[in-house]
Every structure is written in structure tokens, then in C-alpha cells.
Amino acid sequence: MAGMTDSAFRRLVKRHGGCGLVVTEMVSSEGLVRGIDRTLEYAEYTEAERPISIQIFGGDPEKMADAAQIVEGMGADIVDVNMGCPVPKIAKHNAGCSLMREPQHAAGVIAAMSKAVKIPVTVKMRAGWNDGERNAPTLARMVEDAGASAVAVHGRTAAQSYGGAADWALVADIADRLTIPVFGSGDCIDPEQVVQRLRSGVDGVLVGRGVLRNPWILAQAADMAAGRPPRAVTMEERGRFLLDYIDLLAGERVHDRAASHDRWVINKMRALGSWYTKGLDNGSHLRTAINTVESLDALRAIISAFFFAPVSFLPALSLS
Ligand SMILES: Cc1cc2nc3c(=O)[nH]c(=O)nc-3n(C[C@H](O)[C@H](O)[C@H](O)COP(=O)(O)O)c2cc1C
């Protein structure tokens with residue numbers, strides 16, 4: 001997930017178990033081909049994350065094939081193509097979900113990539129562009145024929161963005177028609193939903209926002225699927241996760257960012273904080289505190305107070 005599932009976050013989530021595959025943030029094929037440093041950073045991963053899928057976006061078959069070769073050269077296990085992003089900045093460049101509006105062209109992208117690399121090429125798409133163009137079933141078959149090894153479908157249209165509910169009946173129908181594995185995405189916010197959807201006829205589920213709110217969701221779903229009660233997670237463990245995330249981020253790419261590195265870590269914590277604090281008692285206070293903090297020490301102090309000594313949390317706000 002763009003802006004969220006960086007290498008440090010993926011490593012931390014994997015530590016807790018229940019996670020079969022992680023995917024990078026979406027990476028620009030253009031930036032990969034041109035060797036832009038910031039783009040290459042998005043594609044970085046560590047061995048602890050394997051198996052790892054690097055997701056790329058773009059609309060030009062030749063560039064996407066070249067980018068797939070770069071991804072293969074970086075040692076990734078899978079190269080995934082984003083055909084789901086509805087953001088105009090991406091979609092207007094004939095990439096992301098707008099590829100769904102030109103199915104022949106989209107299949108051509110997959111054919112070019114499949115010829116260019118030995119690693120599996122997979123596709124992430126939405127139900128379609130809008131209600132009048134719910135063409136995921138047709139496009140999924142076309143990319144299968146073009147050489148895709150698996151397809152993931154978020155059961156909403158681009159027009160829906162995140163409104164309404166994901167259409168899991170559509171996803172199950174696609175899974176029924178295709179030979180390659182089909183994964184479903186959308187609204188797996190608690191472990192019960194993950195288990196329920198795993199049993200809906202798909203080959204697997206992608207968990208997005210649920211992991212940002214609760215990084216233990218995959219381990220808890222695995223517990224439930226095995227007939228065990230979902231593991232309980234203490235406030236201390238939730239706090240420790242954030243502190244570990246800060247430590248990992250603080251130790252990364254220091255040479256690249258120099259003076260602005262702390263600011264980058266704070267911004268990353270703010271991004272995660274907006275999801276992570278949802279559903280926690282007094283979560284909005286924590287969110288506000290994280291959003292106003294100006295140093296890593298103050299950030300750590302706020303988190304420690306909130307999770308380890310809640311009675312001292314409100315006074316600790318003055319630390320920011
Ligand atoms: C902040 C954010 C960033 C996302 N970035 C990506 C992305 O880079 N690539 C992608 O395929 N999907 C991306 N998605 C979509 C998710 O992968 C997923 O399909 C969608 O959120 C629905 O699943 P969920 O209800 O489990 O979150 C993103 C979603 C969010 C909320």
C-alpha cells in the first residue's frame with residue numbers, strides 16, 4: 001500500500017506470523033527504468049520479507065517489460081502490476097485502474113512482461129472502472145491468457161473508491177472461472193472477516209487497511225482458521241510495535257536523508273498513526289499528539305505514556 005507498507009513495516013508484520021506474502025508499495029515503471037533513486041527505494045526489501053512481490057505501475061508495454069526485468073534482477077519473487085489505483089495522477093497516465101478501460105492494451109502489457117521475465121507476473125485489479133464497466137471477469141480471463149500467474153481483485157470499482165462494500169460474489173465468480181489462483185481484496189478489517197472470505201471460494205485474501213489498524217490480524221486469522229481462539233494483544237505489545245517501527249525507520253537510509261531523516265520518520269509515524277489509533281480508547285488523543293510532535297524523543301515518550309502508562313498519558317501531552 002502506497003505510503004504505508006514500507007520494508008520496515010512489512011518486516012514487523014511478518015514477525016507476528018500468519019502472513020504468506022507481502023507486496024511493496026506501488027513503484028513507477030518509468031522511475032525504475034530511469035534509475036531514479038527515490039523510486040528504487042520503494043522497491044527495496046530485505047531477505048526477512050520473502051516471499052516478496054514488487055508491485056509496479058505504468059501503461060507502456062515495453063517499459064513495463066523493462067521494469068519487470070529490473071524487478072527480476074533485484075531478486076524479487078513476483079512482479080505485480082497495479083491495475084487498481086483510481087488516483088487521477090496515476091490513472092491519467094494510462095496506468096493503474098485506467099488500464100481496465102483498455103483491456104486489449106492491458107493484456108498486451110502482461111504479455112510483454114511475461115515474455116521478458118521468468119518470475120511470475122501477477123495482476124491486481126478492481127471490479128472495473130465504474131458501474132457501467134464492471135469488466136474484471138473479462139479482463140481477468142484476458143490477462144490469464146496473456147501469461148499472468150495469478151490475479152487479485154478488489155471488489156469495488158474505481159468510481160467507488162472506498163465507498164460501499166466490496167463485491168465478494170464477483171470475486172468468487174472470477175475465481176470459479178479462472179485456472180490460475182484468484183485472490184480477493186476488500187473489507188477484511190477484522191480476523192473473522194479474513195477467515196470468512198478465505199472460505200468464500202477464493203485462493204487467498206489480501207488484507208490492506210486491517211493490517212494498518214491491527215498488525216496482528218493475520219496471526220489472529222491464522223489462529224481462527226486452525227480452530228484456536230485469536231491471540232490476545234496487550235496494550236504493551238501494541239506500543240512496542242510502534243516503538244520498534246520508529247527504531248527500524250530511524251536506522252534506515254540515514255545516508256540518503258541526513259538532516260531530514262527524523263522528519264521523514266515522524267511523517268511515516270503520522271501516516272501509520274491515522275490508521276493505528278482507530279478503535280483504541282482515547283485513540284484520537286494519541287493521533288493528535290503524534291500529529292503535533294516535533295522530535296523522535298517526544299514521539300517515543302508519547303507512545304510509551306499512552307500504551308505503557310495510560311494514566312500518565314494526558315499529562316505527557318505537554319512533552320510535545
Ligand atoms: C493508503 C492505501 C494505499 C494503497 N495503496 C495500494 C497500492 O499501492 N497498490 C495496490 O494494489 N493497492 C493499494 N491499495 C488498495 C489495497 O490494496 C486494497 O485493495 C484496498 O484497500 C481494499 O482492501 P482493504 O479493505 O483490506 O483495505 C491501497 C489502499 C490504501 C488504503
Looking only at the range 135-148, count how many residues are more than 16 Å from the ligand (Cβ to nearest atom) and of a type outside the set (Val, Ile, Thr). 8
Members of the range 1-11 found to be crowded, with 19+ Cβ neighbours inside 10 Å and either of a type in the set (Phe, Trp, Tyr) or assigned to a helix (DSSP H, G or I) (or both), listed by number: SER7, ALA8, PHE9, ARG10
Residue selected from the range 113-143 under the condition polar (S, T, N, Q) and in a helix (DSSP H, G or I), by the criterion most open to solvent (accessible area, probe 1.4 Å): THR138
Sort out which residues of the range 225-239 are charged (D, E, K, R) and in contact (Cβ under 8 Å) with a residue 60 or more places away in the chain, and write them in order of number. GLU236, ARG238
Scanning the range 225-269 residue by residue, the ones that are part of a helix (DSSP H, G or I), at pLDDT 95 or above and open to solvent by 50 Å² or more (accessible area, probe 1.4 Å) total 7
Only one of these is within 16 Å of the ligand (Cβ to nearest atom) and of a type in the set (D, E, K, R): ARG213, ARG253, ARG228. Name it. ARG213
Any idea how many residues of the range 59-100 are in contact with a Gly (Cβ under 9 Å, 6 or more places away or on another chain), of a type in the set (Gly, Ala, Ser) and either surrounded by fewer than 20 Cβ atoms within 10 Å (Cβ to Cβ) or outside any helix (DSSP H, G or I) (or both)? 3
Pull up the range 144-203, narrow it to residues that are among the polar types (S, T, N, Q) and assigned to a loop (DSSP other than H, G, I, E, B), then point me to the one that is most open to solvent (accessible area, probe 1.4 Å). THR179
Matching entry among PRO137, PRO181, PRO215 (being under 15 Å from the mean Cα position of the chain (by Cα) and either touching a residue at least 24 places away in the same chain (Cβ under 8 Å) or more than 30 Å from ARG15 (Cβ to Cβ) (or both)): PRO215
Where residues in the range 279-297 are polar (S, T, N, Q) and open to solvent by less than 80 Å² (accessible area, probe 1.4 Å), which of them is farthest from ASN214 (Cα to Cα)? SER295
Pairs under 7 Å by beta carbon, first residue closer than 9 Å to GLU49 by Cα in the range 1-17, partner away from the ligand (no atom under 14 Å from the Cβ) and among the charged types (D, E, K, R), six or more apart or different chains? SER7/GLU44; SER7/GLU49; ARG10/GLU49; ARG11/GLU49; LYS14/GLU49
Going residue by residue through the range 177-191, is there one that turns out to be closer than 22 Å to CYS19 by Cα and among the acidic types (Asp, Glu)? yes
Residue list for the range 21-43, restricted to those being within 15 Å of the ligand (Cβ to nearest atom) and assigned to a loop (DSSP other than H, G, I, E, B): LEU21, THR24, GLU25, MET26, ALA43
Restricting attention to the range 33-42, does a residue exist that is closer than 24 Å to ALA221 by Cα and among the small types (Gly, Ala, Ser)? no
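The values are calculated or read from the model by the stated rules, or taken from the named source; none is laboratory data. Everything quoted here is computed from the prediction, not taken from an experiment. Heads up, the Cβs are rebuilt from the backbone with ideal geometry, glycines too, and the neighbour counts pull from every protein chain shown. Note: areas computed on protein heavy atoms with side chains; ligands, DNA, RNA excluded. Shrake-Rupley method; radii C 1.70, N 1.55, O 1.52, S 1.80 Å.
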